[in-house]
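Here's the structure, in structure tokens; my notes come after.
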Ligand code: SF4
């Protein structure tokens, strides 16, 4: 425990004065109502603050008291609180809450840990937050930010939030028990972010031991010219990912170009914020079939030319390729066909691959070409968790890997592998068997450039911390 916790928390107190106040604290201050604090805390689990704030507002407009909440059925509750995380479970808990409060606690929110834990949907974190915020009873609420940041500082060395709570009870001066959660939640949301924390502009930069931290990388604008941050992401449904914090991810990644695959929507079906995000020009190539495939690109710079498809209706009707021309390079955004589990589309995919390669090579005669997207193939054994078991499976068949061999041997550079030779670097995980948590994944999303553009590759990365899809974004820092 090498740090001076008083100093750290005093510095942070000043720092977060201008930050947004976490939503539950705000509700506590504004309403001073334990019922509302309890309900907002239940809603806030695994949910962004903005979403919690809006859902709480909708719900409290209909149910500001225990009795009013008792008048709403589960379906209505679901509608009111959607899209908070796990809204179905939370609606179930909220539906049961009034009866429990009425029978056991005379319709009042109890003020002991034991009683709070007896309520539906209330765990230690929620109970601690309610005790601290609604009743000002010294309690340490250990949100994931508190657990994470206390470990980064080396103030605790723990594996779970529960262990962190126990450790803090022993070491943290009591005066910080209540405020520590708000401080670190605000600080964790804005600066010491879960992935790629902003150490470059952190008030604690000179003091923090940064245990286990990989700070965000800033784009260099060197003497040699401007470096562009290009990001590619198979979002598995743009409308779906929008509900899971897409705009925050866009803000966090701050790409110059964002190439999206599997948008599964026509432009006009998208909310306004996605049709043209602030600061970006937007380009779309949707599939003819509704809700299927489709690609899009957001670019800070306006494209000189937009090329839709690769000149073959078999592929172009599926909205698989969109190319933008900029003064110094072309960007080809591709969603390669999946060969399907019975491999019935292996031939179709191979034809697409060959045509796409020819299309890219024709453009590369004129200027730099960047080909990005979901290639739907893991190239080598290092690119997936279980190569032996998957040799005959879609995405790792000898035929698909052979094309990727041809592609790279003809000069196209897999930029990530050029920069990173480490195993277990994946960009896609099955939704089954907690594959992402266990990192049983595949690297099937790529940024490749023509061989003449080798010197323009500045860095390559995979943003595994960005969630919302079964793929995560892949990144190329590319000299303009
Ligand atoms: S220096 Fe970096 S790791 Fe340390 S508190 Fe600041 S943002 Fe977090």
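The order of the peptides 159-169, 331-341 by mean Cβ neighbours within 10 Å, most packed first, is 331-341, 159-169.
Shown for 258, 172: other C-beta atoms within 10 Å of each C-beta, ranked fewest to most, produce the order 172, 258.
Expressed in nm to one decimal, what extension gain is obtained for the pair residue 344 and residue 82 from 0.36 nm per residue of sequence separation less their Cα-Cα distance?
Going from the current span to full extension adds 90.4 nm.
The radius of gyration of the Cα set in the stretch 140-229, together with its Dmax, comes out at 15.6, 54 angstrom. A compact globular protein would have a Cα radius of gyration near 2.2 N^0.38 Å; the ratio found for the stretch 367-480 is 1.05. Over every Cα atom in the stretch 324-386, the radius of gyration and the widest Cα-Cα span, Dmax, amount to 13.9, 43 Å. For the stretch 221-479, the Kirkwood estimate of the hydrodynamic radius, built from every pair of different alpha carbons, is 18.2 Å.
Each listed q (0.11, 0.14, 0.15 Å⁻¹) maps to a log10 I(q)/I(0) for the stretch 290-431, found by the Debye formula over equal Cα scatterers with no solvent: -0.43, -0.71, -0.82. Taken as Cα centroids, the stretch 297-376 and the stretch 167-215 sit 43 Å apart, rounded to the nearest whole angstrom.
Residue-normalised convex hull volume from the C-alpha trace of the stretch 242-321: 88 Å³ per residue. Considering helices alone, the calculated mean residue ellipticity of the chain at 222 nm is -11000 deg cm²/dmol, with DSSP H runs of length four and up weighted by -39500 (n - 2.57) and normalised per residue.
Counting neighbouring Cβ atoms within 10 Å and putting the fewest first, the residues 23, 185 line up as 23, 185. Across the chain, the fraction of Cα-Cα pairs farther apart than 38 Å, rounded to a whole number, is 35%. Hydrodynamic radius of the stretch 5-201 by the Kirkwood approach over all distinct alpha-carbon pairs: 17.3 Å.
Any read-out appearing in this document is the output of simple, stated calculations on the displayed coordinates, not a laboratory observation. Since we're looking at a predicted model, the values are computed, not measured. No Cβ is skipped: glycine too gets one built from the backbone with ideal geometry, and neighbour counts run over all protein chains shown.
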